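A.B. asks: I have a structure I would like to understand better, so I am pasting it below and will then ask my questions one at a time.
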Amino acid sequence: MNIITIEHISKIYQVGSEEVRALSDVSLNINKNEYVAIMGPSGSGKSTLMNMLGCLDTPSGGIYDFKGKNVSLMDDNQLATIRNKEIGFVFQTFNLLPRSDALHNVELPLIYAGVPTAERRDRAREALISVGLEDRITHRPNELSGGQRQRVAVARALVTNPSIILADEPTGNLDSKTGEDIMSLFNIIYEKGNTIILVTHEEYIANHAARVIRLKDGFVEKDYQVSDRYVPVNNNSSL
Amino acid sequence: MLRLILIDILEGTKISLKSLTENKIRSVLTTLGIIIGIVAVTTMSTAIVGLENSFTESISRLGNDVLFIDKFEWFNTTDFREARNRKDIDLDQFEKLKKSFSQKAYFSPLKRTFGRTVKYKSKSVTAGMILGTSNYYEKTSSSIPEKGRYFTEMEYEANRNVCVIGKDIASGLFDKDDPLNKHIKLNNTKVEVIGVLEKQGGGLFGGNTLDGQIILPLRVYEKITGDKKGYMRIDVKLNDIRQVEDAKAEIRYLMRLIRKVPLDQPDDFAINQQEMFRRMYDQTIGVVATAGIVITALSLFVGAIGIMNIMFVSVTERTREIGIRKAIGAKRWTILIQFLIEAAILCLLGGSIGILISFPLSLVINQFLPTAMPLNIVLLSLSVSALVGIVSGMLPAIKASKMDPVEALRYE
């Protein structure tokens, strides 16, 4: 099933009097239960594309169709609703609320979705348990290790049952061992039928994906299925 | 939809409380501006209400259906020195006026002198005012004896040595004893106390004088004080307030006739009314009140600027948090309300503390002016402080709600 269809989208920023073409002409489809890595050197437009895919920004030209809805024409509040219900974000810098505990951080998207208190507590707790943090529920981010913080972020991304998980350099701030744990977590999420889009510039991270899209200078340079995808050993107790 | 708004408000309140308690010193200092503003405004309003009450209480003693015929205008339109040289009103004029006036009315003549000593046995006090008048003064002045009675027409005509005294005289000379039928000494003349007036209280003009007064039949007064020729006033209490303009016209006509004022000359007397006090007062107090409220409102305004300033700081500091919230689905409205609530809580806090401070202050004011902080001032100042919060939080909150999530997430 087709989740995302992008046709000839472009993004042009106005920097002073100069126009900067971050995306020139990109077309791609992403289907349900795909595991896609978007790769490219800095300046290739991968951050811009990720913002586009994550509905954080709208394209200057072209069509972005998300499950039959035209995102290009949406206003701020409609975009917020799409992000809330359809997209789970995992960021390089975790982006947790520093003053809230793990449970509240995971609850947050459900609050904005208007889920009743008791239900959202339960769902947030379940999500934390599913990423192996059952004994860290009331800890604040500064009481957690990097890997644990990223797990909280993953739980937050999963809690709304979104159509896609969008991970931007999710291992960029982690040591390689912890990074590998997170990647193995993503693998489990993928195998459970979720759709994952991974933005990275590391080849060995991209190797976890089933499909790689390489960007260069605002164009899609290559878009191919990975034949010998790296499947990490499952060292996560749950999920 | 309503549910979502409620959730937003609830969540916004939680976030605000958290943020405010985490920046305690900052919150307290910001609130201080609002506290000072609210204290200033409520205290000022309470004082103005007190002034108003006090004034109304004072002039209500004059009665709005009473005309005061005097050689002076109370609020001078003529030269005071010219008026001083006018001939005094006398008892003869009083009798003529009373006889000729066609409406039903009470007339009383009035003479007075200030600061005489009055004695009872070994005790002596200074009487604030000694009045010489007729038995109808009870009607024209609406001052009612609390104990005993006024002198009668017979006692007035017969020049009996009787008097009605104010509350302070009674307590000064007799302490807890019953003053009735006791003889006090005025200028070595014995006068029997037949009535004690009820307490008039502290008014704007001469409440204390009224409590320290001694009222005598006019000729007894003249004999005791030696004030035979001087100033006299005629008080006329009308039966029908609707006839007041007719009455004034008639009195003017009669007085000109009685005082033989030539046709080409202006009146050499004035017909005064309580209403003139009111007009004068409204003008004066209007200016004072407006100035007072404007100046104190300025301090509230300064407090509001403080709130706005700190909210801008708060929004900038939390740019990244705003980015995170927006990325995971917070709408503009949600962010807007979060910051509005924070500003409103700051101000409401300031307002409540302000009221807690100004309430005892109003009790202090109450020692001088009859007032209590009215509930509507409390409610008004609470709403005003909430409003101040919302208004001064509006610009920072709009700034926060319009932030681009991509930019905000990138903010360090």
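Bear in mind that the values in this text are calculations on the coordinates, not laboratory data. Note that the structure is a prediction, hence the values are computed from the model and not measured. When we count neighbours, we look across all protein chains shown, and the Cβ atoms used for this are built from the backbone with ideal geometry, even at glycine.
A.B. asks: ³J(HN,Hα) across region B:64-73 via Karplus (A = 6.51, B = -1.76, C = 1.60, θ = phi - 60°), whole Hz, x for Gly/Pro?
C.D. replies: With coefficients 6.51, -1.76 and 1.60, one gets 8, 9, 10, 9, 10, 8, 9, 7, 9, 6 Hz.
A.B. asks: To make sure I understand, if each residue's beta carbon is the centre and we count other beta carbons within 10 Å, what order do A:Glu203, B:Glu321, A:Glu134 fall in, fewest to most?
C.D. replies: Ascending number of Cβ neighbours within 10 Å: A:Glu203, A:Glu134, B:Glu321.
A.B. asks: Out of residues 5 or more away from B:Glu198 or on other chains, whose amide H comes under 5 Å of its own, with H placed 1.01 Å from N in the peptide plane?
C.D. replies: B:Ile144, B:Glu146
A.B. asks: Follow-up. So for A:Cys55, B:Cys347, fewest C-beta neighbours within 10 Å to most, what's the order?
C.D. replies: Listed from fewest to most nearby Cβ atoms, that is A:Cys55, B:Cys347.
A.B. asks: Then there is this: Give the long-range amide H neighbours of B:Arg112: residues separated by 5 or more places, or on another chain, with amide H under 5 Å away, using H modelled in the peptide plane at 1.01 Å from N.
C.D. replies: Here the answer is B:Gly132, since their amide H atoms fall under 5 Å of that of B:Arg112.
A.B. asks: Please get the size of the charge dipole for the protein assembly as shown, origin at its Cα centre, with Cβ charges of +1 on Lys and Arg and -1 on Asp and Glu, quoted in debye to the nearest 20.
C.D. replies: 2680 debye
A.B. asks: Still on this model: Would you calculate, for chain A, the mean residue ellipticity at 222 nm contributed by helices, counting each DSSP H stretch of 4 or more residues as -39,500 (n - 2.57) and dividing by all residues, to the nearest 500? Before the final figure, lay out each step's value.
C.D. replies: Details: 7 runs with 78 residues, N = 239.
Only helices count here, giving -10000 deg cm²/dmol.
A.B. asks: Next question. Can you tell which of B:Ala105, B:Ile184, B:Ser143 lies farthest toward the positive end of the dipole of region B:87-268, using +1 and -1 charges on the Cβ of basic and acidic side chains (Lys, Arg; Asp, Glu)?
C.D. replies: After comparing all options, I get B:Ile184.
A.B. asks: Turning to a different aspect of this structure: So what's the gap between the Cα centers of region B:115-182 and region A:89-126, to the nearest angstrom?
C.D. replies: Cα centres, region B:115-182 to region A:89-126: 83 Å.
A.B. asks: State whether the protein assembly as shown is rounded, prolate or oblate according to the following rule on the C-alpha gyration tensor (a ≥ b ≥ c being the square roots of its eigenvalues): a/c under 1.5 gives rounded; otherwise a/b larger than b/c gives prolate, and the remaining case gives oblate.
C.D. replies: prolate
A.B. asks: Taking the Cα centre of region B:87-268 as the origin and placing charges on Cβ (Lys, Arg +1; Asp, Glu -1), which of B:Tyr156, B:Gln200, B:Leu238 is farthest toward the positive end of the dipole?
C.D. replies: Result: B:Tyr156.
A.B. asks: Assuming a ≥ b ≥ c are the square roots of the Cα gyration tensor eigenvalues, decide whether region B:30-187 counts as rounded (a/c under 1.5), prolate (otherwise, with a/b larger than b/c) or oblate.
C.D. replies: Values: a/c = 2.24, a/b = 1.37, b/c = 1.63.
Oblate, because a/c is 1.5 or more while a/b does not exceed b/c.
A.B. asks: Evaluate the charge dipole of chain B about its Cα centre and quote only its size in Debye, nearest 20, assuming +1 on the Cβ of each Lys and Arg and -1 on the Cβ of each Asp and Glu. Present the calculation step by step, with values, prior to reporting the outcome.
C.D. replies: Numbers: 54 positive and 44 negative charges, 95 e Å.
Taking the Cα centre of chain B as origin, the dipole is about 460 debye.
A.B. asks: Show that you can apply the helix-only estimate: for chain B, add -39,500 (n - 2.57) for every DSSP H stretch of four or more residues, divide by all residues, and state [θ] at 222 nm to the nearest 500.
C.D. replies: -19000 deg cm²/dmol
A.B. asks: Report, in whole Å, the centroid distance computed from the Cα atoms of region B:223-252 and region A:1-68.
C.D. replies: Answer, in whole Å: 96.
A.B. asks: So what J values fall out for region B:166-182 if you push phi through Karplus, 6.51 cos²θ - 1.76 cosθ + 1.60 with θ = phi - 60°, rounded to Hz, Gly and Pro as x?
C.D. replies: My calculation for region B:166-182 gives x, 4, 5, 5, 4, 6, x, 8, 10, 6, 9, 6, 7, x, 4, 6, 8 Hz in order.
A.B. asks: I would also like to ask the following. What distance in nm separates the two pseudo spin-label positions at B:Arg410 and A:Ser176, each 7 Å out from Cα along the beta-carbon direction?
C.D. replies: Between B:Arg410 and A:Ser176, the simple spin-label model gives 3.1 nm.
A.B. asks: Only counting other Cβ atoms within 10 Å, I'd like A:Met52, B:Met403 sorted with the fewest neighbours first. Please report the intermediate quantities before stating the final value.
C.D. replies: Numbers: A:Met52 24, B:Met403 19.
By the 10 Å Cβ count, ascending, the order reads B:Met403, A:Met52.
A.B. asks: I'd like to know how region A:1-70 sits against the 2.2 N^0.38 Å rule of thumb: what's its Cα Rg over that expected value? Please report the intermediate quantities before stating the final value.
C.D. replies: Details: Rg = 12.6 Å, N = 70, 2.2 N^0.38 = 11.1 Å.
Here the Cα radius of gyration is 1.14 times the empirical estimate.
A.B. asks: Same structure, new question: Skipping prolines and chain starts, which residues have an amide H placed within reach, meaning under 5 Å, of the one on A:Ile165, given they are 5 or more residues away or on another chain?
C.D. replies: A:Gly88, A:Thr195, A:Ile196, A:Ile197
A.B. asks: Roughly how tilted is helix B:24-60, in degrees to the nearest 10 and between 0 and 90, from the longest Cα axis of chain B?
C.D. replies: Between the helix axis and the principal axis of chain B, the angle is about 20 degrees.
A.B. asks: Toward the positive end of the charge dipole of the protein assembly as shown, about the Cα centre and with charges on Cβ (Lys, Arg +1; Asp, Glu -1), which of B:Leu210, B:Val28, A:Pro170 goes farthest?
C.D. replies: So the residue we want is B:Leu210.
A.B. asks: Just grab the label-to-label distance for B:Ile25 and B:Asn188, each label 7 Å out from Cα along the Cβ direction, in nm (one decimal).
C.D. replies: A separation of 8.0 nm, rounded to one decimal place.
A.B. asks: Show me, for region B:340-354, the HN-Hα J-couplings you get by feeding each phi into the Karplus relation (A = 6.51, B = -1.76, C = 1.60, θ = phi - 60°), rounded to Hz, glycine and proline as x.
C.D. replies: 4, 5, 4, 5, 5, 5, 3, 6, 4, 4, x, x, 5, 4, x
A.B. asks: Also, quick follow-up: State to the nearest 20 debye the size of the charge dipole of region B:87-268 about its Cα centre, where the only charges are +1 on K and R beta carbons and -1 on D and E beta carbons.
C.D. replies: Computed about the Cα centre, the dipole is about 460 debye.
A.B. asks: Here's another thing I want to ask about it. Sort A:63-71, B:332-340 by the packing proxy (mean of other Cβ within 10 Å over each peptide's residues), most packed first.
C.D. replies: Descending packing order for the listed peptides: B:332-340, A:63-71.
A.B. asks: Still on this structure, I have one more. Using only Cα atoms, find the angle between the long axis of helix B:274-317 and the longest principal axis of chain B, and express it within 0 to 90 degrees, rounded to the nearest 10.
C.D. replies: It is inclined by approximately 10 degrees.
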